[in-house]
Amino acid sequence: MKKKVTITLLTGFIALISGLILCGIGYFMGGIEDIKAIATPNLIEETYQDIHEIRLDSTSKDVRLEQSPDDQFHVRYSNVDNFYHQPLKLQQVKQTLTVEAEDAKLHIKGIMQFLGQELAFSRNRELQELVILVPKEKTIEKLSGGNPFYNSYISLNNIHINYLDWAGYISGDNVTMESGTIHSSNIGSFYFSNSHLKNMMIDAPVATQSYQTSTLENVTIQNASSIFLNDTTIIGTTKMETDGAYHSPINIDLSAKSKKDTQLDLTVTYDWEKLYQNYYYPSAYTNQETDETTTAQEEAFRKEHLEQMGIRAGSEYKDLKIEENKDGAKAVYTPKDAPNKLIIQTTNELIILGTLKSSH
């Protein structure tokens with residue numbers, strides 16, 4: 001009798017649990033969209049006029065500036081009341097629009113609301129951004145903001161800026177910047193295409209800087225890691241300094257115009273002490289004074305790393321003379337009556353000019 005009761009109770013308990021699981025699955029399969037719909041933040045859209053300056057003070061959202069469909073400034077963003085996302089506060093004073101991130105506060109009504117908000121954010125990129133639409137033909141006199149330590153990111157499309165002061169990561173397409181500064185930390189990347197950068201100071205040890213079909217006019221780039229110039233035009237004097245911890249490529253493919261009217265002054269310094277610190281070095285495990293294999297190991301180490309640094313040139317630069325010794329490599333290229341100049345100074349990296357022939 002007791003055995004039958006036990007089996008009956010156990011069967012009932014299993015059925016109850018199974019029913020609850022099936023109900024939960026059914027609820028979430030059909031109800032997750034309802035949760036998202038209830039908790040999805042509304043997009044806020046505001047219109048402004050006569051803005052000359054934009055200040056982005058500590059915004060926690062990615063920022064996107066694009067061309068407006070009319071002659072007004074349009075701003076689009078979302079705010080939520082939970083502890084994870086900082087709400088934005090916008091204010092126009094005279095001709096300056098300021099965007100500030102306020103302290104996040106906990107105002108959720110339950111865990112389902114919070115989960116619904118996070119689900120909505122993960123599925124809708126627009127909720128994660130601050131979008132500013134700028135009237136066509138309008139020049140922003142000054143754009144400033146960002147934070148290099150919190151991965152601030154800004155995207156610029158079809159925008160003209162007189163002065164940029166940005167701290168963080170950046171990408172731009174069809175952008176003209178008359179002057180300014182860009183600072184960032186040592187991760188992430190920069191990307192510009194179809195753009196014109198003038199009188200800029202870029203201090204950015206990011207992983208990669210890429211300039212595609214763009215113009216660099218009197219630009220200084222320092223503390224860079226890896227740089228790619230593709231169909232890039234040089235005007236005036238542009239100077240690049242890189243100092244990565246490891247071997248990184250600097251690919252220089254100038255526009256047809258700049259190949260004819262741009263001088264090149266290239267210097268690669270070989271810092272063997274830094275290489276010993278950053279790469280495996282056999283003498284750390286042998287006695288240099290007594291071990292006969294040390295010299296051979298050191299020669300092999302040097303040969304391996306010499307293949308990954310220095311200056312290589314494609315057929316476009318057949319007249320380029322490269323001087324190389326144990327301390328580094330140097331090349332100077334001076335086309336006749338060339339008014340522009342590209343200076344590159346780097347340590348332990350490989351400068352590639354033009355297109356190299358395949359070894360296969």
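The values are calculated or read from the model by the stated rules, or taken from the named source; none is laboratory data. Predicted model, so just to flag it, every value in this text is computed and none were measured. Neighbour counts are summed over all protein chains in view; Cβ atoms, including those assigned to glycine, are modelled from backbone coordinates with ideal geometry. Protein only, heavy atoms only, side chains kept; ligands, DNA and RNA dropped before computing areas. Shrake-Rupley method; radii C 1.70, N 1.55, O 1.52, S 1.80 Å.
Figure legend. Inter-residue proximity from the stretch 55-68: first residues modelled with pLDDT of 95 or more, second residues open to solvent by 60 Å² or more (accessible area, probe 1.4 Å) and charged (D, E, K, R), beta-carbon distance below 9 Å, spacing 6+ or different chains. Indicated pairs: R55/E100; R55/K142; Q67/K136; S68/K136. Based on this model, can you work out whether E137 counts as acidic (D, E), open to solvent by 10 Å² or more (accessible area, probe 1.4 Å) and assigned to a strand (DSSP E or B)? In short, no.
Out of T213, T237, report the one residue that is over 27 Å from K61 (Cβ atoms) and buried (at least 17 other Cβ atoms within 10 Å of the Cβ). Explain how you work it out, then say what you get.
Working: T213 fails: buried (at least 17 other Cβ atoms within 10 Å of the Cβ).
Of the residues listed, the single one that is over 27 Å from K61 (Cβ atoms) and buried (at least 17 other Cβ atoms within 10 Å of the Cβ) is T237.
Given the condition over 16 Å from L342 (Cα atoms), open to solvent by less than 50 Å² (accessible area, probe 1.4 Å), in contact with a Gly (Cβ under 9 Å, 6 or more places away or on another chain) and at pLDDT below 95, answer yes or no: does some residue in the stretch 154-162 qualify? Yes, that holds for at least one residue. Could you list all residues from the stretch 166-180 that are over 21 Å from P69 (Cβ atoms) and buried (at least 17 other Cβ atoms within 10 Å of the Cβ)? W166, A167, G168, Y169, I170, S171, M177, E178, G180 - these are the residues of the stretch 166-180 that are over 21 Å from P69 (Cβ atoms) and buried (at least 17 other Cβ atoms within 10 Å of the Cβ).
Pick from S185, S171, S155: which is among the small types (G, A, S), closer than 23 Å to Q128 by Cβ and outside any strand (DSSP E or B)? Quick ask: steps written out before the conclusion?
Details: S171 fails: outside any strand (DSSP E or B); S155 fails: outside any strand (DSSP E or B).
Step by step, each of S185, S171, S155 is checked, and only S185 is among the small types (G, A, S), closer than 23 Å to Q128 by Cβ and outside any strand (DSSP E or B).
Of the set (1) touching a residue at least 40 places away in the same chain (Cβ under 8 Å); (2) within 16 Å of the chain's Cα centre (by Cα); (3) open to solvent by 50 Å² or more (accessible area, probe 1.4 Å), all apply to Q222 but (1). Touching a strand residue (DSSP E or B) at 6+ places or on another chain (Cβ under 8 Å), without any contact (Cβ under 8 Å) to a residue 40 or more places away in the chain, of a type outside the set (A, V, I, L, M) and open to solvent by 30 Å² or more (accessible area, probe 1.4 Å), is that true of N251? So N251 fails the test.
Could you tell me whether L229 is at pLDDT 95 or above and in contact with a Phe, Trp or Tyr (Cβ under 9 Å, 6 or more places away or on another chain)? Taking the combined requirement at face value, the residue satisfies it. Take the conditions (1) surrounded by fewer than 19 Cβ atoms within 10 Å (Cβ to Cβ); (2) closer than 17 Å to T346 by Cβ; (3) of a type in the set (G, A, S); A204 misses just one of them, which is (1).
Quick one: how many residues across the stretch 203-236 are part of a strand (DSSP E or B) and among the hydroxyl-bearing types (S, T, Y)? So that I can check it myself, show each step before the final result.
From the stretch 203-236, those part of a strand (DSSP E or B) are 203, 208-212, 215-217, 220-224, 227-235; that's our starting set.
Now narrow it down to the ones that are among the hydroxyl-bearing types (S, T, Y): 208, 210-211, 215, 220, 232-233.
Residues flagged as part of a strand (DSSP E or B) and among the hydroxyl-bearing types (S, T, Y) within the stretch 203-236 amount to 7.
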